[in-house]
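Asks: One structure coming up, written as C-alpha cells, with questions to follow.
The values are calculated or read from the model by the stated rules, or taken from the named source; none is laboratory data. Values in this document were obtained by computation on a predicted structure and should not be read as measured data. Positions of Cβ are backbone-derived with ideal geometry, glycine not excepted, and every protein chain shown enters the neighbour counts.
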Amino acid sequence: MSTYWSELTASLEPYVPGEQPKDRTYIKLNTNENPYPPSPKALEAIREAAGADLRLYPDPTCDALCRTIAAYYGVTKEHVFVGNGSDEILAFAFPAFFSARQPILFPDITYSFYPVYARLYGIPYITVPTDEQFRIDPQTYAIPNGGVIVPNPNAPTARFLIVNGIKEILETNKDRVVIVDEAYIDFGGESVVPLIAEYPNLLVVQTLSKSRSLAGLRVGMALGHPELIEGLNRIKNSFNSYTLDRLALAGAIAAIEDREYFAETNRKVVATRERTTAALRELGFEVIDSLANFVFVTHPVKAAEELFAALKERGILVRYFNKPRIDRYLRVSIGTDEEMDALLGALREIA
Ligand code: PMP
C-alpha cells in the first residue's frame, strides 16, 4: 500500500557505502581505509578514556580537540570545527551554507554523498563536466551558483588540483562558500588550509579516517573563517550538542599529536602506491596519477566488472561502480606491500 509517507521516503536515494564483509579473510581494498593500525598513542589514550568518566557527558564544544587541531595548523580554535567523521560535517555544511535559492556546483564524477545531501536538503545542483580523463578545469566553476564543493584529490578518480587551481575557483566565487573536501590530502597533496586567512569563503574539510587510520572512530574536522565555523555550530547545536564522544575526543587528540607515526605510515602508503602504479601499468592497465591512498584504473581489454568479480573470487575486494563513464574503472585502495603483491599476482592470472 502506498501512503503519503512511504512515497516521501521512497523518493530519498540514500548513499550506498562500499561493502564491509563479515568475512575478515578478504584483502580489503574497497573503502580506502588505511592498512596500518592507528597510532599506538591514540589507542593508549582511548584505553585511558574508557573509564569511570564515561558516565559524564563529553565537552559539547570539543574544546581540547579544537585547540589541538588549531595548534597543528597554526590558527586559533575559532577557525576549527569537529564532527563525527567528515560526512557529518558535510551534512551540517550543506544546510548551513547552501540553499534552495541557487544551484550549487560539484564535479560530474565525484563523491556520491554530495548529490545525496543536496537532495535531502532540497538544494538544487549542477554537475560541472570533467574532461574524458576526469580532469577538473577551475574555469568551469565560473558560472552563477549558490556555492561550490570540490574534493581534492577527487574521489573516486584521484584527480587533483594544484593550490592555484583551487585559488582560481575561490577568486571567481568570492561571494559564495567554497568547500574543499581534503579527505585524501595527506598522501602527497598540498592542503589549502593556509588560504583560509585570505579567503573568508573557504571551508576546508578533512578526516582522521584515512591518513590517521581512524575510520572506526568517526572524527572529521573543518577549518575556515570563524563566521563559517559559527554557522556549522548553529546547525550542529540544532541537532545534538554532544557530537563527539569521550573516546573519540581522546583518541583524536593523541593521533594528531603523534606526528612521527603519521609521517611514517603516510610515507609507507605513498611508496606502496607508487610501486603499485608502476606494476599495474606494466600489466597493461591505465592508471591515473594519484596523490590519494587509492588508484583509479582501467584495462584496455578486460571489463572492470569481470575483473572485480574474479578478484572477489580470489578473496580480494576492490570497488566497482556500476555508473555511466566510470563503469570501465576499478578503484583500488592502497594496502600493505603484501596485500598489493597479492592483488598484482591475482591480476597477472586474470588480466
Ligand atoms: N569525503 C570524501 C571525498 C570521501 O571519500 C570520504 C570517505 N568515504 C569522506 C568524505 C568521508 O569520510 P569520513 O566520514 O570517514 O570522515
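Asks: Just to be sure I understand, how many residues within the range 17-34 are in contact (Cβ under 8 Å) with a residue 12 or more places away in the chain and within 16 Å of the ligand (Cβ to nearest atom)?
Replies: Number of matching residues: 10.
Asks: Among the listed residues G85, G74, G51, identify the single one that is away from the ligand (no atom under 16 Å from the Cβ) and on the phi > 0 side of the Ramachandran plot.
Replies: G74
Asks: In the range 18-35, what residues are farther than 12 Å from A215 by Cβ and assigned to a loop (DSSP other than H, G, I, E, B)?
Replies: Of everything in the range 18-35, those that are farther than 12 Å from A215 by Cβ and assigned to a loop (DSSP other than H, G, I, E, B) turn out to be E19, P21, K22, D23, R24, T25, Y26, L29, N30.
Asks: Further, regarding this structure: State whether the residues of the range 273-288 include one that is among the aliphatic types (A, V, I, L, M), free of Cβ contacts under 8 Å to residues at least 12 places away in the same chain, away from the ligand (no atom under 16 Å from the Cβ) and not in a loop (DSSP other than H, G, I, E, B).
Replies: Yes, there is a match, as at least one residue in the range 273-288 is among the aliphatic types (A, V, I, L, M), free of Cβ contacts under 8 Å to residues at least 12 places away in the same chain, away from the ligand (no atom under 16 Å from the Cβ) and not in a loop (DSSP other than H, G, I, E, B).
Asks: Ok, one more. Somewhere in the range 203-222, is a residue part of a helix (DSSP H, G or I) and crowded, with 22+ Cβ neighbours inside 10 Å?
Replies: no
Asks: Got at least one residue in the range 300-322 being at pLDDT 95 or above, in contact with a Gly (Cβ under 6 Å, 6 or more places away or on another chain) and assigned to a helix (DSSP H, G or I)?
Replies: Within the range 300-322 (the criterion being at pLDDT 95 or above, in contact with a Gly (Cβ under 6 Å, 6 or more places away or on another chain) and assigned to a helix (DSSP H, G or I)), the answer is no, since none of the residues qualifies.
Asks: With respect to the numbered conditions (1) farther than 21 Å from G74 by Cβ; (2) out of contact with any helix residue (DSSP H, G or I) (no Cβ under 7 Å at 6 or more places or on another chain); (3) surrounded by 23 or more Cβ atoms within 10 Å (Cβ to Cβ), which one is the sole condition not fulfilled by I185?
Replies: All conditions pass for I185, except number (1).
Asks: Still on this structure: Applying the selection to the range 323-351, what residues are of a type in the set (A, V, I, L, M, F, W, C), in a helix (DSSP H, G or I) and either without any contact (Cβ under 8 Å) to a residue 40 or more places away in the chain or more than 25 Å from R24 (Cβ to Cβ) (or both)?
Replies: A346
Asks: So, in the range 113-124, how many residues would count as being within 16 Å of the ligand (Cβ to nearest atom) and touching a helix residue (DSSP H, G or I) at 6+ places or on another chain (Cβ under 9 Å)?
Replies: Total meeting the criteria: 5.
Asks: Can you run down the residue pairs with Cβ atoms below 7 Å, 6 or more apart or on separate chains, where the first is in the range 86-107 and surrounded by 17 or more Cβ atoms within 10 Å (Cβ to Cβ) and the partner is in a helix (DSSP H, G or I) and of a type in the set (V, I, T)?
Replies: Matching pairs, first to second residue: F92/I235; P95/I235; A96/I235.
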